[in-house]
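I have placed the structure first, in the form of structure tokens, so that the comments after it can refer back to it.
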Amino acid sequence: MRIYLSRPHMSGNEEKRVAEAFASNFVAPLGPQLDAFEASVREYLNADVHCVGLSSGSAALHLSLRASEVGPGDEVWVSSMTFAGGIFPVNYLGATPRFFDLDPKSWTLDTAIIAEELANASAENRLPKAIIPTDLYGQSVDLDSLEKLAAHYGVRLIVDSAESLGASFQEGRKAGTGGDAAILSFNGNKIITSSGGGILVTRHKEWADKARFLATQARDPAPHYEHSSLGYNYRLSNICAAIGLGQMEVLDSRVARRREIFIRYQNNLSQSGITFMPEPEGLRSTRWLTAITIDPTQTGVTREDIRNMLLEHQIESRPLWKPMHLQPLYAGTTYHGSGVDERLFTDGLCLPSGSDMTDEQQDEVIHHIKKILEKPH
Ligand SMILES: *Cc1c(COP(=O)(O)O)cnc(C)c1O
């Protein structure tokens, strides 16, 4: 049986929630399951925020950027090492992304570089409209520093928390509560899934109202269809929300399992030349995917040697995100950093980390990796 990187992991509650939606014929468009899903996420986050259920995390980012009034000619500063869905909406709006490197101590956005560049940009009167840091592999960015910088320079802060629902940071604040807004994703490979979906979390009521308006084709109040702004069909279906609602009941146990998987890999595979993603003090990551780097000069094998060997045994693993400034689409875009992200991409591998993986399956992954590392090279 194939071992996957990260699969949907149902609990059994989801089907009950979907059946409730069917029984009341709230199959479409909106309905009580969607309201309950939004409420359940808000309650989980335990903060003074508004939640808007949308068709994807990317849609949530698109609408946050609309709420920030990002448009042609604006710059948006982003972590280069991230998933395309966390960047593309910048281009949908005709704005230009500027890419930033990671801090080797956390593998999340390097706030020192951001601070320096904000000072330069401010002096030259070319501040960005917004900054989008990514909670990489489920680890919260340094929000204390970023929130202070954003407030100081009057720049919007939108946190990409697509991978970090269930994580926490300074003073136990939950990931997904930072900045002006945060985006969550319930795509099939995330910690929990609604089969597909996203939530825009924001502390601004106007942003939540605007997002709901834009996500339902921007219909002005009138008996006929009246439009004075450009909208989208971005609302989350009530059936998908029902699945998400069932998954919320098991969120904490899913995160606990992913963390357990990370620790088991770490206990079994730690040796010189293998580095696990660090977790700075005070942060609690979801460990969405166990991310490691393999230094071929110390281990005698490359990341690709390990990935291809695992594939031969029907085990799926994947390189870390390819930094956006290295993508053909973004050739020539400005990048600030020393290539920490480039080195993580060259040597980095995500190991199978699904919460439904059994100990036996994980032992198999560990066994094959140990074997290739022990072979004389
Ligand atoms: C999954 C993901 C997204 C996009 O979420 P979708 O729901 O798939 O649109 C954005 N950013 C990051 C970092 C992600 O991992």
From the residues in region 180-189 that are touching a helix residue (DSSP H, G or I) at 6+ places or on another chain (Cβ under 8 Å) and assigned to a loop (DSSP other than H, G, I, E, B), which one is nearest to the ligand (Cβ to nearest atom)?
187
If you check residue 60 against the conditions, is it under 16 Å from residue 241 (Cβ atoms), within 16 Å of the ligand (Cβ to nearest atom) and surrounded by 18 or more Cβ atoms within 10 Å (Cβ to Cβ)?
yes
Surrounded by 23 or more Cβ atoms within 10 Å (Cβ to Cβ) and either under 23 Å from residue 58 (Cβ atoms) or within 12 Å of the ligand (Cβ to nearest atom) (or both), is that true of residue 109?
yes
Restricting attention to region 215-265, which residues are within 30 Å of residue 374 (Cβ to Cβ) and either in contact (Cβ under 8 Å) with a residue 24 or more places away in the chain or touching a helix residue (DSSP H, G or I) at 6+ places or on another chain (Cβ under 9 Å) (or both)?
257, 258, 259, 261, 262, 264, 265
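Residues checked against (1) within 30 Å of residue 33 (Cβ to Cβ); (2) buried (at least 16 other Cβ atoms within 10 Å of the Cβ):
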position: 229; (1), (2): yes, no
position: 254; (1), (2): yes, yes
position: 270; (1), (2): no, no
position: 277; (1), (2): no, yes
position: 291; (1), (2): no, yes
position: 303; (1), (2): no, yes
position: 310; (1), (2): no, yes
position: 315; (1), (2): no, yes
position: 323; (1), (2): no, yes
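Residues checked against (1) in contact (Cβ under 8 Å) with a residue 60 or more places away in the chain; (2) small (Gly, Ala, Ser):
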{"position": "7", "(1), (2)": "yes, no"}
{"position": "21", "(1), (2)": "yes, yes"}
{"position": "24", "(1), (2)": "no, yes"}
{"position": "34", "(1), (2)": "yes, no"}
{"position": "45", "(1), (2)": "yes, no"}
{"position": "58", "(1), (2)": "yes, yes"}
{"position": "89", "(1), (2)": "no, no"}
Whether any residue in region 23-45 is of a type outside the set (A, V, I, L, M), assigned to a strand (DSSP E or B) and in the same structural domain as residue 125 (by TED's automatic domain parsing) is what I want to check.
no
Give just the number: which of (1) within 16 Å of the ligand (Cβ to nearest atom); (2) in a loop (DSSP other than H, G, I, E, B) does residue 177 not satisfy?
(1)
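The values are calculated or read from the model by the stated rules, or taken from the named source; none is laboratory data. Note that this is a predicted model, so its numbers are computed, not measured. Reconstructed Cβ throughout: ideal geometry from the backbone, glycine too, with neighbour counts over all protein chains shown.
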